[in-house]
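Right, one structure below, let's go through it.
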Amino acid sequence: MSSSVQRPRVRKSPAARRAEIVDTAAAVALAEGLECVTLRRIGDDLGVRPGLISHYFPSAEELVAEAFGTAASGELDALLPEGPPGISPVRRLAGFLGRTTGEEYDAISRLWINARHLSRYRPALRDRVAEQEAAWRGRLESLIREGVERGEFRTPDPSVTTVQILVVLDGLGAHANTDTSGRPAAVARMAHITAERELGLAEGTLSSPSA
């Protein structure tokens, strides 16, 4: 005669449960859009009641803001990681620009388009968008300043150069929802061209795998 033994349910710590909720919401935001991040949807995905989600996030607005912040922060670390000291700023910048094409980058571009639109009506999300914009500017400016200090870059104002590069990337990313397969190479390389020009680098430097 067989018998089944029920395993005791493991109760997750509040920190672990909250992290699980946020990670799930961030994944939904990236794949389907921030409008799909609701307490019910995240509860369904985790197999729990919406009431458990609202225990950690009393309003969907808070969860949406947290989901965007987590997704954007994770993408920043993937696209422009805090590289080891041995890797030159030129190589790190070339690697960053090389990762700003393809479906993965299009997905984060769609999320930014989505977040900036919704932030007009959602104060919590608006604050998180501003926070992430500052984080992206800070990370890239830090890299450019390091390059200037090491004599690899030449620019009179790293902060202005940072904004110029990011504005071009934002402009290209604004087309993430359209077919860009016919985009001319000169357009696809606009961020590279801008960075090379503003940082005193030879043309093609940031496209070279050995940069």
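The values are calculated or read from the model by the stated rules, or taken from the named source; none is laboratory data. Here the structure is a predicted model, which is why all the values come from computation and not from measurement. Please note: Cβ atoms are built from the backbone with ideal geometry, for glycine as well, and neighbour counts cover all protein chains shown.
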Residues of region 36-47 being exposed (fewer than 13 other Cβ atoms within 10 Å of the Cβ) and part of a helix (DSSP H, G or I), which ones? 40
Say we look at region 127-152 and pick out the residues that are in contact with a Pro (Cβ under 6 Å, 6 or more places away or on another chain) and of a type in the set (D, E, K, R); which of these is nearest to residue 75 (Cα to Cα)? 141
Would you check if there is a residue in region 42-61 being out of contact with any His (no Cβ under 6 Å at 6 or more places or on another chain), within 21 Å of residue 115 (Cα to Cα) and basic (Lys, Arg)? no
Has region 118-136 got at least one residue that is β-branched (Val, Ile, Thr) and within 17 Å of residue 191 (Cα to Cα)? no
For region 154-203, what are the residues that are outside any helix (DSSP H, G or I) and touching a residue at least 12 places away in the same chain (Cβ under 8 Å)? 154, 155, 174, 176, 177, 189, 199, 200, 201
Does region 144-152 include one or more residues that are in contact (Cβ under 8 Å) with a residue 12 or more places away in the chain and surrounded by fewer than 16 Cβ atoms within 10 Å (Cβ to Cβ)? yes
Matching residues, region 67-83, being among the acidic types (Asp, Glu) and either modelled with pLDDT of 95 or more or outside any helix (DSSP H, G or I) (or both): 82
Against the condition at pLDDT 95 or above and over 22 Å from residue 101 (Cα atoms), how does residue 151 come out, does it pass? yes
Just checking, does region 92-104 include any residue being under 28 Å from residue 24 (Cβ atoms), under 12 Å from the mean Cα position of the chain (by Cα) and in contact (Cβ under 8 Å) with a residue 60 or more places away in the chain? yes
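Okay, residues lined up against (1) modelled with pLDDT of 90 or more; (2) touching a helix residue (DSSP H, G or I) at 6+ places or on another chain (Cβ under 6 Å):
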{"site": "13", "(1), (2)": "no, no"}
{"site": "34", "(1), (2)": "yes, yes"}
{"site": "37", "(1), (2)": "yes, yes"}
{"site": "47", "(1), (2)": "yes, no"}
{"site": "60", "(1), (2)": "yes, yes"}
{"site": "65", "(1), (2)": "yes, yes"}
Among (1) among the β-branched types (Val, Ile, Thr); (2) free of Cβ contacts under 8 Å to residues at least 24 places away in the same chain; (3) under 16 Å from residue 133 (Cα atoms), there is one condition residue 87 misses while meeting the rest; what is its number? (3)
